Amino acid sequence: MAQAVHGPLSFLNTDGRPHPRENALALVTLVLGTVAFIFGFLPDLNMVAAWVGLIGLPIGAYAQMISATTAERFLVVIGLGGAGVGFYLGMANGGLFG
């Protein structure tokens, strides 16, 4: 029987075992995706959106490959979507260097 795992990210450990690296990468992907998505809609911050989205995509892809629970995968997919949209909006409005 699985024991309860306590901690700040215990809601991601649905299998009862701690996954600190996977949890951290899932949250980093979600934060990067959220920042890229929001900044992608702001014309003055298109370069930031493009860079943050570009950084978030490979981190999210790696996080998706090593994720251990469905809750982690859920956050990673949302973060990847936000990073992708933010990246493409940033590229459409000026790109990585302008």
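Odds and ends about this structure:
- Rg over Rh, two decimals, the chain (C-alpha only, Kirkwood Rh): 1.11
- Note on Arg21/Leu96: beta-carbon distance plugged into 1/(1 + (r/R0)^6) with R0 of 30 Å gives a FRET efficiency of 0.55.
- In this rough spin-label picture, where each label sits 7 Å from Cα along the Cβ direction, the Ile55-Ser10 distance is 3.2 nm.
- The mean accessible area for residues of the chain, using a 1.4 Å probe and ignoring ligands and nucleic acids, is 57 Å² per residue.
- Relative contact order, percent, the chain [alpha-carbon distance under 8 Å, six or more residues apart]: 36
- With the helix formula -39500 (n - 2.57) applied to DSSP H stretches of n ≥ 4, the chain reaches a computed 222 nm mean residue ellipticity of -23000 deg cm²/dmol.
- Rolling a 1.4 angstrom probe over the chain with all protein chains present gives an accessible area of which 73% lies on carbon and sulfur atoms.
The values are calculated or read from the model by the stated rules, or taken from the named source; none is laboratory data. Not measured: the values here are computed from a predicted model. Note: ideal-geometry Cβ built from the backbone for every residue, glycine included; neighbour counts use all protein chains shown. In case anyone asks, the SASA skips ligands and DNA or RNA and just uses the protein heavy atoms, side chains included. Shrake-Rupley method; radii C 1.70, N 1.55, O 1.52, S 1.80 Å.
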